Each structure stands twice: as structure tokens, then as C-alpha cells.
Amino acid sequence: MPVPIRRLIVALTLCCALVAGATACGSGGQSSTKNTSAAAQAVPAADTPSPSTSAEHQKFAKTRFVANAGLAAGATYQWIVKPWKAGKFKKGTKGRRLALIKASAAGLFAYNRLKAAQRNAQGDPTLSKALAPLGAGIESLKGLASKLRKGDDSAAGPFDDIIGQIKNAGSSAGAPVKEQVPTAAELTKGQ
């Protein structure tokens with residue numbers, strides 16, 4: 001019994017030290033608007049790094065596109081395509097409800113990441129041209145959850161097709177997309 005008490009005391013001491021350190025490092029509480037605006041004018045845009053050349057801007061756009069599209073592809077494959085191929089979405093299947101919940105969350109997450117990838121692609125002319133025809137397909141993915149709940153087993157197929165088209169568009173534009181399965185925390189957070 002003494003070991004858990006010691007651990008508790010150590011943990012409590014560390015927490016108090018962290019809180020005390022955070023308050024000591026923070027601002028002095030209230031500050032006038034004049035001081036804040038003067039500080040903001042003294043260091044313009046120091047908080048937001050931006051690429052200095054258009055080549056760097058395009059490189060970052062491709063990198064962000066690959067990351068967002070990879071997360072969307074990973075979520076789609078892990079929680080929509082695999083269960084769909086295994087028949088988990090059919091009525092009467094054991095574990096259907098949980099599979100539908102996961103697929104709905106993955107669908108929302110993937111849609112969010114695909115929209116972000118689409119915005120990222122705007123920074124690179126080649127990617128922008130490659131993704132232009134896929135805009136309507138990405139928008140059509142909004143209703144996946146309701147289609148699956150109604151028992152439409154074929155609803156997951158178009159999702160898989162759009163992900164495949166995005167991967168092909170990225171590869172043709174010099175930004176190959178690899179599937180990255182997001183963590184459960186990222187999936188529930190939706191970003």
C-alpha cells in the first residue's frame with residue numbers, strides 16, 4: 001500500500017510544479033490594449049510562417065495534399081471498404097451497428113480530409129488540374145452514412161472509386177498518395 005501513496009505524492013508534486021511553472025511563464029494577467037497592439041506591430045507575422053517563394057508554396061501544397069489524401073484513403077479502406085467487402089453492412093449481420101458507426105465516422109473524416117486535400121491542391125497548378133474533375137465526386141460522398149443505414153450495400157463502392165481516382169490524380173501530378181490509417185482519436189475528432 002505504501003508504493004501507490006508514494007506514486008500519488010510524486011504525481012501530485014509534479015502536477016503542482018507544472019501548474020506553478022505555467023503560471024509563472026504566462027503573461028502577467030491583465031494587459032492594456034495599447035501594449036498588445038504595440039507588440040503585434042513590433043513583430044509582424046512572426047507567428048505565421050509562410051513560404052518565401054512560389055516554388056516552396058507549391059511544395060508545401062503537395063505535401064499537405066499527400067498527407068490529407070493519405071489519411072482519407074486510410075480511413076476509407078480501414079473502416080469502410082474492408083467491412084463492406086466482408087459483408088458487415090448487410091442487415092442481420094452480427095456487429096453491423098458498430099460497423100455502421102465506425103463507417104459513418106470514417107466517412108465524415110474522409111470527406112473532411114478530401115475537402116482539405118482539394119483546397120491544398122489549389123496551391124499547385126498541376127494538382128489543381130488533376131483534381132478539377134473530381135470535385136463533384138467528392139461532394140457526392142456526403143450522404144454515405146445515411147445510405148449505409150438504409151441498407152444500401154453498394155454505397156461504399158463509389159467511396160472506394162473516388163479514393164482510387166484521387167490516388168491516380170495525385171500520382172499523375174507527382175504527388176503519390178499512400179494510405180495512412182488515422183488513429184481512433186483523429187477519427188472521432190474529425191480533423
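Derivation of every value follows stated rules applied to the coordinates shown; laboratory data play no part. If you're wondering where the values come from, they're calculated on a predicted model, not measured in any experiment. Heads up, the Cβs are rebuilt from the backbone with ideal geometry, glycines too, and the neighbour counts pull from every protein chain shown.
Work out the length of the dipole vector of segment 78-147 about its Cα centre, built from +1 on the beta-carbon of each Lys and Arg and -1 on the beta-carbon of each Asp and Glu, and round it to the nearest 20 debye.
On the way: 15 positive and 2 negative charges, 128 e Å.
With Lys and Arg at +1 and Asp and Glu at -1, about 620 debye.
Would you work out the charge dipole size for segment 96-191 about its Cα centre, treating the Cβ of every Lys and Arg as +1 and the Cβ of every Asp and Glu as -1, and quote it to the nearest 20 debye?
Working: 14 positive and 8 negative charges, 70 e Å.
Value, rounded to 20: 340 debye.
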- Task: State the answer as a single residue: which of Leu98, Ala116, Thr63 lies farthest towards the positive end of the charge dipole of segment 62-191, with beta carbon charges of +1 for Lys and Arg and -1 for Asp and Glu, about the Cα centre.
- Result: Leu98
